[in-house]
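A.B. asks: Questions regarding the structure given below will be posed in turn.
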């Protein structure tokens, strides 16, 4: 059984977690480390949330955009707000991001800052629910009246067939 240094493990994990990086199978072949060992390291790193020593440093955000904290995302959006496209691209490459990540985070932040419409939606929902109940009651009442009217018409026609009409007698 081989033993590997912590720096070697962190280096391989960093390669695995970089966007567009090699797969576990590819890295296993190039680094001559069993696939299962890489999977174990990766699972342990995710479980312990210590993917790399670099991610422990507050100056360096986590490698994967999904692992960024809300604070780190906010800082990234603020830092890149006044940058040109080229500077923004450089920032993204440096931090392992794509520009669409920054756009999504900015949109999410803006959505979070909007006034709460949930209360308005709730009131509208209750109002519509009441209107629906009222319309359903009215529909049932009209259906009953229609059924009664059609039954009366049928009875009238049957009575005319059995006894005839007053005009027939004259």
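A.B. asks: Pick out which of 80, 37, 99 has the largest mean-square fluctuation in a Gaussian network model of the chain, springs linking Cα atoms closer than 10 Å.
C.D. replies: Taking springs between Cα atoms under 10 Å, the residue moving most is 37.
A.B. asks: Okay, next question. In whole Å, what is the distance between the alpha-carbon centres of segment 63-81 and segment 1-49?
C.D. replies: After rounding, the separation between the Cα centres reads 25 Å.
A.B. asks: Sticking with this one: Express in nm, to one decimal, how much length is gained between residue 81 and residue 149 on full extension, taking 0.36 nm for each residue of separation and deducting their alpha carbon distance.
C.D. replies: 17.4 nm
A.B. asks: Got a sec? How would 3, 84 order by Cβ neighbour count within 10 Å, fewest to most?
C.D. replies: Going from sparsest to densest Cβ surroundings: 3, 84.
A.B. asks: Highest first, please rank the peptides 158-165, 4-11 by the mean number of other Cβ atoms sitting within 10 Å of their residues. Walk me through the numbers on the way to the answer.
C.D. replies: Details: 158-165: 9.9, 4-11: 12.4.
The packing order, highest mean first, is 4-11, 158-165.
A.B. asks: Let me know the shape class of segment 118-161, please: from the alpha-carbon gyration tensor, a ≥ b ≥ c as square roots of the eigenvalues, rounded when a/c is under 1.5, otherwise prolate if a/b is greater than b/c, or oblate.
C.D. replies: Since a/c reaches 1.5 and a/b is larger than b/c, the shape of segment 118-161 is classed as prolate.
A.B. asks: Now for a different question. The list (i) 12.7; (ii) 9.6; (iii) 24.0 gives values of mean projected area of the Cα convex hull in nm², and only one came from this structure; which label was calculated from it?
C.D. replies: Checking each listed value against the structure points to (iii).
A.B. asks: Ranked highest first by average number of other Cβ atoms within 10 Å, how do 86-92, 141-147 line up?
C.D. replies: Most protected by this proxy first, the peptides run 86-92, 141-147.
A.B. asks: What do you get for the angle between helix 6-17 and the principal long axis of the chain? Use alpha-carbon atoms, 0 to 90 degrees, nearest ten.
C.D. replies: Once rounded, the angle reads 40 degrees.
A.B. asks: Would you look at the GNM of the chain, springs on alpha carbons closer than 10 Å, and say which of 153, 16, 97 moves the most?
C.D. replies: 153
Every read-out reported here was derived from the displayed coordinates using simple, explicitly stated rules and does not represent laboratory data. Worth saying up front: this structure is predicted, and the values here are computed from it rather than measured. A quick note on method: Cβ atoms are made from the backbone with ideal geometry, for glycine too, and the neighbour counts reach across all protein chains shown.
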